[in-house]
Amino acid sequence: MSRLLAILLAVSCAFAAYHITVQRGFVNPYPVVCDLVAEKIFLEDEQVRKWKRTCHRRSRLVTPYSPKKLVIKDINNVLGLLNVSHLEVYDSSEVKSIWRGEALETGIESEFVDSELVIFKLHPKSPAAMQGLRKGDVIKSINGDQPNPWEAQTESGTYTIERGKETHTFDIKATNITRSEGVTFEKLKNNAAVIQIPSFRADFFKDEKIKELETKLKDVRRLVVDLRGNVGGNFVAGLRFLSLVMCTPEEVGRLIKPRFAKDNSAELPNDLRDEKQLEILDQHREVILKTFKQNECYRGDVRVLVDGKTSSVAELVAQALKEFRKAPLLGSPSRGQLLVGVWYPLSEVGPGVEISIPEALYLSHKKHRIEGNGVELDRVLYYNLSEMQAGIDSWVKKALD
């Protein structure tokens, strides 16, 4: 009996020591997030003060035993109360995969057309492409269930495909694929062309890439700039593209930090390095975004395609083409997310966890605020199912009509 009591006492002491150690080493991440966001975010003081009080009240619910995933989810819910883009906590396994060009995917990009999920694009050497799926195929089901674009992009299993009057099944396994996609240029009849820009990654717009585009644009009279699905990227990359089609250096807009202490400004230099751009932003209240002098310039007709995934720098480019080149913006309303998010580590939550805080907003040359509004769309377009199944892009066809 005495031995049993001794064992129970030892276990109780160890248990108590463990909990004391956990509690002593615990740092509640919530107050850190509340204070950092309140200090850095671009919003007005009164709105931020009210939110900060709510944030600190919420922090009282966190304990040393709260799971990391649950804490991140709850913090993001509180951040969502501010209703701005580029404000979110991410785990390292999920951060910035688009800029690395890596993701666990099937390689399918699809959209609903007349209630049918149609494959718009297949990434080369992806699982779906290797299995024989084609652009224009209609996905009828995934693992027997009604499909959606996100599941088609990420879910492994049995895909039932309708191709013309035939039905096929394919077994697709999502894998880590590397997106090798870059800017594509397609020459069409009557001196027309389509340039598709999947994102404004810096490596897509290095000097040699710009020279290639200069050469390709020489004989083009009508140009469709396809920004569908483009979630943005590097500011200078966007300015370099604009410089190809705007024949003189122009101020297309400004990044503004309303809460910055100094009243100073600087022009963003023609430097693709993210760290250089962040350095300029960090030191100035306003950063002027101006196109650069270009040896060759495209002077023909321009039309722009945008959709609900078009955001950030892609929206900046689209709006600038409208304001300076009178380019009609066609498609569906863009996402309306153009703020400058700066990354900060959140070691209090866990290793590799970061928070993005929007510190600057963007105003175009004509003072149009894209955040929360999107670009100024000229015409809404709709896809035609029979054309898409035949491999004809309805929106490109309508843009050139």
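The values are calculated or read from the model by the stated rules, or taken from the named source; none is laboratory data. Just so it is clear, the structure is predicted and the values come from calculations on it, not from any experiment. Here the Cβ positions follow ideal geometry from the backbone for every residue, glycine too, while neighbour counts run over all protein chains shown.
For this structure, a couple of remarks:
- Residue satisfying all of: in the stretch 282-303; farther than 20 Å from residue 367 by Cβ and buried (at least 18 other Cβ atoms within 10 Å of the Cβ); modelled with the lowest pLDDT among these: 294
- Residue among 141, 156, 126, 115 that alone is crowded, with 20+ Cβ neighbours inside 10 Å and of a type in the set (Gly, Ala, Ser): 126
- Residues of the stretch 120-161 classified as without any contact (Cβ under 8 Å) to a residue 40 or more places away in the chain, outside any loop (DSSP other than H, G, I, E, B) and more than 20 Å from residue 196 (Cβ to Cβ), total: 13
- Condition met for residue 173 (assigned by TED's automatic domain parsing to the domain that holds residue 329, out of contact with any Leu (no Cβ under 6 Å at 6 or more places or on another chain) and basic (Lys, Arg)): no
- When 151, 166, 155, 214 are screened for being in the same structural domain as residue 395 (by TED's automatic domain parsing) and acidic (Asp, Glu), only 214 passes.
- Going through (1) in contact (Cβ under 8 Å) with a residue 24 or more places away in the chain; (2) out of contact with any Lys or Arg (no Cβ under 6 Å at 6 or more places or on another chain) one by one, residue 251 falls short only on (2).
- Residue satisfying all of: in the stretch 42-69; over 23 Å from residue 352 (Cα atoms) and of a type in the set (S, T, N, Q); nearest to the chain's Cα centre (by Cα) among these: 47
- Filtered residue count, the stretch 158-195, keeping only those that are over 27 Å from the mean Cα position of the chain (by Cα) and more than 30 Å from residue 221 (Cβ to Cβ): 14
- Top-ranked residue of the stretch 44-75 - restricted to ones that are of a type in the set (S, T, N, Q) and exposed (fewer than 15 other Cβ atoms within 10 Å of the Cβ), ranked as farthest from residue 232 (Cα to Cα): 63
- The residues on offer are 205, 200, 170, and the sole one that is more than 22 Å from residue 233 (Cβ to Cβ), of a type in the set (Phe, Trp, Tyr) and surrounded by 16 or more Cβ atoms within 10 Å (Cβ to Cβ) is 170.
- Only one of the numbered conditions (1) modelled with pLDDT of 95 or more; (2) under 20 Å from the mean Cα position of the chain (by Cα); (3) surrounded by fewer than 21 Cβ atoms within 10 Å (Cβ to Cβ); (4) among the charged types (D, E, K, R) is violated by residue 323, and that is (2).
- Residue check for residue 242: outside any helix (DSSP H, G or I), on the phi < 0 side of the Ramachandran plot, at pLDDT 95 or above and in contact with a helix residue (DSSP H, G or I) (Cβ under 6 Å, 6 or more places away or on another chain): no
- Residue in the stretch 84-94 that is at pLDDT 90 or above and loosely packed, with under 13 Cβ neighbours inside 10 Å present: no
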